[in-house]
Structure formats: C-alpha cells, structure tokens
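Quick notes on the structure that follows.
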Amino acid sequence: KQALTPHLSHFIPLLSLARTLILNACTYLRHALKNSPNILILNALFALFLLVGTGGKTLAQQPSNTLSLSGQVIDIEGNALVGVTVFIESLNKETPESAYSTSNEQGYYNFLKLSAGNYKLKAFKENYLSHESKLLIEQENQVHNIQLLPLEDMLAPIEIKGEKISSGAGRAKLDPIQDMSIFAGKAGAMIIPEKSGANLGNDNARQIFASIPGLNIWESDCAGLQLGVGGRGLSPNRSSNFNTRQNGYDMSADALGYPESYYSPPMQGIERVELVRGAAALQYGTQFGGLLHFVMKKGADKPLSVNTQHTIGTYNYYNTFNSIGGTSPNQKWNYYAFYQFRRGDCWRCNSSFNSQTAFFYLGRKLGEWGNLSAEWTHMRYQSQQAGGLTDQLFAQDPRQSIRDRNWFQVKWNLAAIRLDVRINELTKLNNRLFGLYATKDALGFLGVISRPDPLTERDLIKDRFLNFGNESRLMRQYYLFGQRSTALLGARYYQGYSTKQQGLGDADSIANFKFVESGLLSGSEYDFPSRNIAAFAENLIYINDKWSITPGLRFEHIATASDGYYRIIVKDLAGNIIDERTIEEEKERSRSLVLLGWGTSYRPKSGTEIYANLSQNFRGVNFNDLRVRNANFRVDSLLTDERGFTFDLGARGDFSEGIINYDAGFFLIHYNDRLGTLLLTDPETGGTYRYRTNVSRSRSLGFECYADIDLIKALSTIDNPHGLTLSANIGFTNAIYIAPEQSAIDRNQVENVPPLILRSGLNYNYNKWSVYWKFGYTSQHYSDATNALSSPTAIAGVIPSYWVMDAGAAFQNKGLSVKLSVDNITNQMYYTRRAVAFPGPGIISAEGISAFLTLGYTW
C-alpha cells in the first residue's frame, strides 16, 4: 500500500472529480426519467458508483474513523525530505500518540483512522521554514503534499546583514532588500555618521557626505541648520531634488508643491543615512535626484541607556545633545527620545542663531505577527542672516556683513504611526501614516546687495504647511527558476495644503514676524492645495545565483491648484503711488503619468557586483516657482513640468577580504523642459535680474568612483592593533544645455555643476584613540544658464574653485568620549553659492577656520 500510494495520489483528485460529475448526471437523469422503463438501469448505475466511490459502502454507512491523510514532503528543488515532523494540531489533546508522523526515506507521511472534519496541519524541520495549512477532510481519503523552503534564504534579505563599514569614511553598501525596500541594481550607499569621522557636534555636511562622489554641497550656515546637497547636474538648494525622508516618511515642506527641506535631523541622533540615485524614483517619488533617507536611532537592548554630549566651539558655539532609550525586560516595548539645543554667533557678523530639536519614539511588539510604533519630531530655530556680498565686498573681507535686519525662523512638527505585519514567513506588510505641520518666516530687505538698506519696512514672507499621507507596502518572497525572488507592491495617498503670504514687516531691526499692513497685503496671498495618488511595483527576480533583474513601474496622479491674488504697486521717484492693481488668480492642474524602470545586477564572484539601471523621472512645477515678489528674480508664468530619465552602469565590491572596497560607475541624466535661470536685462530700468523658465533640454554625463584601503592590513600579514585607512572619491560631470533654439545658452554648462569634485580622507585608529584628516576640492562652475562671469547684483557669476581641509582626534574609554576637531584648518576664503533671495541676495561666504571640543558619556 505504501509503495502504491505515492503513484496513485496524483490521480485521486481526478478520479474524485469524475465520480462527482457522474453521480450528479445520474441523479439528474433519475429525476427526469423516473417514469421511464430505463429507470431500473439508472438506479443500478447510481448504486454502482456509490459503491466504487466509498469502497463498497454507501455514504450513510461510512464509519467515522476510517479516513486517512497522506502525502510527500519535498524541498524547493523537488527532492524528498527525510525526518520532517508532520503534526495535526487538533489531535494533540484527543489522541496525542497519533498526532505526529515523520516522513520516511521517500519523504512520505501518513495519518490513519481520521474522522471527517477540519484539520490544521503543520510541518517542521531544522533549517527550514515551518509549514502550516488548513484542510477539510470529508468523505474521502486525502493527499496533501508539502514543500518546505530553506530558512536562511528567506529571512536574510529582510534584515540588515551588516556590510563592512569603512573605518575611515563610515560608508557601507546597501543590501539588495532592506526594510521593505528593494535597492538591488541601484547606485547608492549607506552612511553611518558615527563611523564617518565627521564633526557631528555641528552637523558638518561636507564631512558627513565625504564618501559620496559627485555631491555638490552648499555651505550656508555654521551649524548645518539647512542641508543643501545636489549632484549630477541638480541644484543643492535645500536638497529639493532628492526625496528626503525620515524613517520612511516625507519630511520636506510639501512633497509635491514645495519639496524643500528646512528641517535636517541632528546627526547625533541618526543611525544611518541611505542615499540612492535617480532610480529610487519608482519607489519613493518622482524626483530626479533619488532618495535621501535618514534612519533615526532606537532604544538599546537594555531597560535604560542614557547618552549626553556637550560641544563648545569658536564664535560662542554651544551644542548639548541628550538621549534616553531602552527595551523593556519582556522585549515588547522599545523607546528612544532625545533633545538637542544649539546656539552660536558664527564666523560672519550678523549671523547668530539658536535651535532646538526634540524626538520621541515608542514601539510595541505585537506578538510574533507584528510591530506598532509611533514617533514625533519637533524642531524650531531662529537665525539672523548676514546677507550676501558683491564680488568686490567678498574680495575685501568675506566676514563682513552689510545687512543687520534679516531674520529667518522655522518651526517643524512631524508625526508618524507605523504598523508592520508579518502575514506569514514569506509575506510582510508595512503601513505608514504621517503628517506635518510647519511654518517658515523670512524677514528682511530683499533688494539687490549693491544697494544700501534704505531702513524702511522690510519684506516679510510667511509660509504655512499642513499635509498628511499614508503609504503601504506589501513584500512577498517566492521562488522562481529555483531561486528566491521578491515582489514589492505599494500604494500612496498624499494631501497637502500650503499658504504663502508676502507683505511688509516693520522697519525695526529685531526679529518681529508680523505684518504691519491692514487689509490686503502689498505683495501676495495664496492657498496651494494638492493631492497625490500613487501605486508602484518592483520585482527582484534572480535568474540564477549570480544574475538578477529588477523591473518596476510607478503610476502617479497629481492634482495641484492655486487660489489667491498678487498686487502691482507703481511709485514715482518721490515714493508716491501712481498705480495700484490687485490681480486675482485661480488655477487647477491635474496630470497622470506612468514611470518605468529596469535594473540588473550580476555577481561573477563573491565580493564583486556589476549593476545597471534605467529609470524614468519626473518633477512637477512647485508653487514657489509660480509667484514670489522679488526684484532680483522673475518667473515665467507658463512653466511646465520636467521629464527625463537616469541611467547608471557600475561595479562595486572588495578585494582581499575587504582590505580594498570600491564603487565606480558611469551615469547619464537626460532632462527635458529643464527649469533654469537666465540673466536678463530689464529694458525699463537697465538693471539685471534672473529669469526662471523652462530653459531647454540638458544632458549630464559623468563618472563617479569611491575607494578605500586598509593600509595596515594590506602591508601586514599578522593582526595589528593599529588601523590606517585611506579613502578617496572623485566625480567628473559634463552637464550641458542642448538648446539650438537658444543660441545664448546652447552647449553652455548647466548651473551648480562642478566639472570635478575630489575628496579624500585618512583615518588612524589605535586602541581607544583615533585621528582623521579630510580634504575636498571643488572646481569652478556657474550659477546661471548664461554662464555669466559676474553681475552687478552678484546673484549671477562664477563659483571659483576651492579646496578645504579638516582634521580631528577622538578618545573613547568605555562610556566616556572626547573629540576635538578643527574645520577649515588652513582658513580658506571661499563660497559655494550665490543666493537670489534668503540668505542673500549675493555671495554667501563659507565658514573660516573654527574649532570644536565634544565631551560625551553613555551609561
């Protein structure tokens, strides 16, 4: 019987179906022909099939304990598994001796003397995922085959594997699958701030992101209050060309209408930073830059852990960071909270600031099936802005300031609830509900920097942002071609409501963010509602154990609107109003689009990966492009959305068991209807201004390379307590406009794109001591599409090439840490941007030499 059962089991379902169909046919004919002479023959056939189907007994005679359940247990390749424990849960209490069966050498199990009913069947074997299924056994013996999947292959991709981190740069590779995201075949990296050797006491971005090649970093303040990073032909302005997220949800002002980040998480509270280039648009949104994701720390694995860090520095700088966190004894609760306060006067005059940031996280483990967490972030800062300089003023003294009435204020509130559900061993669901309420106030004189401050009423711009969203992700792992593959499906709903007011503030010099006007404002007042519905899918498919492909797509529906007014006021030379008009505007715009992408990864051997990716990109016109009153800046009223694609081809890996790590690749970004700025002359006044419009197409082509080497391990074959790591990266970018219809800019360089960026670092470690040195060079580039060398207002012109060096040392003994750093140790005089409005207009000087000392303790 045992020998025949495996072969007959394949036919039992078919025989059962045939029997059922014949019985139904006989029943119908018996009723239809009950008065026919042939009824005797039909009754005989009906009885025969009843006997055949029940082993010679009618249904009414079927005993209650004569049914059986059997089958075969196999692995993913179809091989029989021996010694698998198969268990019927409901029998354990009634007849425990018959509740278990163990698969034999052919992989077969068998349960006898079962009654009709519902059963829960489970199968267990070491190093394999457990199997569970619900069965209904009615009037027939049942066959149920079981396939067990290897445990190690299925669980590893869901977790962070702990890639080797460069001791000199704090850089690591992103796993192909990490925290409900697919990063396979994409150009990206992970930064561990605490391992980067950077000065975290003042959030120095050029040090934190020093391991990412090709990034152009704006340096606009002395404490990293606003992060400005860009690259590959994209503006660094408040990182607006990246989709910026914190713990998986948006943190920018308005993801659709105003994707600028006035809030930057304190690096002392960040576990890691994930940066993925343009191919991340399919999963995270339509920006050309890609993803910039800050993952916050969580509580330690003990009930209570406290950390305190205090930093003092030049120019009255002070920073205190204090955190508390832990995990409950039953491992069900995890909590983490920090508070940071910073203040300082900065290197330039009229540039003082104070800042406060608080963060709270609470997570609850919901048994084996899920986790629920909630978090809240509050940040507020106020800064006095020194304003810009002309080229002549910068050459005289970069530290000077001719504006003492300019102020900036930001308040940010982020909240999120996250639910993670483990549906089964192969399927996970993640849901994120998030919201933002924030304000941004800018006060000061926005006139050209070549004109003295008239000491009259100041310009005041007040923005309010209120938005919320929900994003769900379903990740399913399955086997195809004998390999583990992963499918990711997602859906997103986002609704924003922003307001912008522009009018007159008082004529004082203090920070008073109140309008002095009654009734209509002299500038403008607008409401900007927006709505976004998106769905996306990516599928990581392994063709074999070396080669994978990742196709994907994203559907976007975007609806934006504006409703408000702006005023035109014309005055004569004496300041009298000779013309005054109020123009009301109401616009609505909806568009739907589909973005496609494809990636591939090939690993010819362990430690080596060749990857490629092609992805479409889209960037919508934001409301700040449409209406701002600024004498230095004018906007085309017919702006259209930007479209294009990004292509990456590269290789990454390591040599000699991680002694050398590298990541090198080529990229291409093609941009249609690119938004840019032209330097034009006003025919009425003769003055120059910047004009924002869809300039033309652009093409960015480049090469980026990162490498680090552990020099001690490379030169020594024995264990050595000393560590010396050399890291370097280089980015070449050729970004030009393709505008034959506009000869003035055709083949010009794209603004804010240095052709060459070079960074290197050296890190030495010995026991409790570490010392670092960092160097960076950025070549000359332009601030507008016309490639103007200079302008009277200083808002357009070249950004001269510059280089800067930083150094520092640290000592750590158990919970005590001491860090000393000196930034810009050679006191280079340089600048990274020419601002059109705040914090300018004009040239914004970068910080000169400064020193910081940090004392910390953890217990």
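The values are calculated or read from the model by the stated rules, or taken from the named source; none is laboratory data. These numbers were taken from a predicted model, which means no experiment stands behind them. Methodologically, a virtual Cβ is constructed for each residue, glycine included, from the backbone with ideal geometry; neighbour enumeration extends over all protein chains shown. Only protein heavy atoms, including side chains, enter the accessible area calculation; ligands, DNA and RNA are left aside. Shrake-Rupley method; radii C 1.70, N 1.55, O 1.52, S 1.80 Å.
By how many nm would the segment from His378 to Glu517 lengthen if fully extended, with 0.36 nm per residue of separation less the alpha-carbon distance?
Fully extending the segment from His378 to Glu517 adds 47.0 nm.
For the cross-link pairs Lys195/Lys814; Lys768/Lys814; Lys462/Lys514; Lys125/Lys546, the ones whose C-alpha atoms lie over 20 Å apart are Lys125/Lys546.
Amide H to amide H distances under 5 Å link Gln385 with Asn406, Trp407, Phe408, where only residues 5 or more positions off or on other chains count and H is placed in the peptide plane. Sequence-ordered 3J(HN,Hα) estimates for region 275-287 from the Karplus curve with 6.51, -1.76 and 1.60 and θ = phi - 60° stand at 10, 10, 6, x, 5, 6, 4, 5, 8, 10, x, 9, 5 Hz, glycine and proline given as x. Once the Cβ-Cβ distance of Val594 and Asn734 is raised to the sixth power relative to R0 = 30 Å, the FRET efficiency obtained is 0.50. Counting only protein heavy atoms and a probe of 1.4 Å, the accessible surface of the chain is 58% carbon and sulfur.
Among the trypsin sites (Lys or Arg not before Pro) within region 284-337, those in coil by DSSP and having at most 15 neighbouring Cβ atoms inside 10 Å are Lys332.
The angle separating the long axis of helix 12-32 from the principal Cα axis of greatest extent in the chain is about 70 degrees. Between Ala561 and Thr456, the contour length at 0.36 nm per residue exceeds the alpha carbon distance by 34.4 nm. Protein heavy-atom accessible surface, 1.4 Å probe, per residue over the chain: 44 Å². Angle between the Cα long axis of helix 39-53 and the longest principal axis of the chain, 0 to 90 degrees, nearest 10? So the inclination is approximately 70 degrees. Protection proxy ranking for 831-840, 560-569, using the average of other Cβ atoms within 10 Å per residue and placing the highest first: 831-840, 560-569.
Quick check: residue separation of Gln409 and Lys122 times 0.36 nm, minus the Cα distance between them. What number comes out in nm?
On the way: separation 287, 0.36 × 287 = 103.32 nm, distance 6.06 nm.
The Gln409-Lys122 span can extend by a further 97.3 nm.
Under a point-charge model restricted to the Cβ atoms of Lys and Arg (+1) and Asp and Glu (-1), what is the dipole moment magnitude of the chain relative to its Cα centre, in debye to the nearest 20? All intermediate terms of the calculation are to be shown ahead of the outcome.
Details: 83 positive and 79 negative charges, 320 e Å.
Dipole of the chain, to the nearest 20 debye: 1540 debye.
Tell me, what is the FRET efficiency for Leu489 and Thr66 to the nearest 0.05, using R0 = 45 angstrom and their Cβ-Cβ distance as r? Don't jump to the answer; show the numbers that get you there.
Numbers: r = 46 Å, r/R0 = 1.01.
Step by step, r from the Cβ atoms, then E = 0.50.
Computed from the C-beta positions of Trp859 and Lys571, the FRET efficiency with R₀ = 45 Å rounds to 0.10. Cα centroids of region 649-724 and region 367-415: 25 Å apart. The label-point distance for Leu466 and Arg747, in a model that sets each label 7 Å from Cα toward Cβ, rounds to 5.4 nm.
Around the amide H of Ile543, modelled in the peptide plane, lie the amide H atoms of Ser548, Ile549, all under 5 Å away and 5 or more residues distant in sequence or on another chain.
Loop-only GluC sites (Glu not before Pro) in region 96-136, please: DSSP not H, G, I, E or B, and at most 16 other Cβ atoms within 10 Å.
Details: sites: Glu97, Glu105, Glu126, Glu132; in loops: Glu105, Glu126.
Qualifying residues, ordered by number: Glu105, Glu126.
In this simple spin-label approximation, Val421 and Ser637 carry label points 7 Å from Cα along the Cα→Cβ vector, and these lie 5.0 nm apart.
Working note: Karplus 6.51/-1.76/1.60 with θ = phi - 60° gives region 124-133 the couplings 9, 7, 4, 6, 10, 5, 5, 10, 9, 8 Hz, where Gly and Pro are set to x.
When you filter the chymotrypsin sites (Phe, Trp or Tyr not before Pro) in region 231-288 for DSSP loop state and at most 16 other Cβ atoms inside 10 Å of their Cβ, nothing is left. Relative contact order for the chain: 9 percent, from Cα pairs under 8 Å spaced at least 6 residues apart, divided by residue count.
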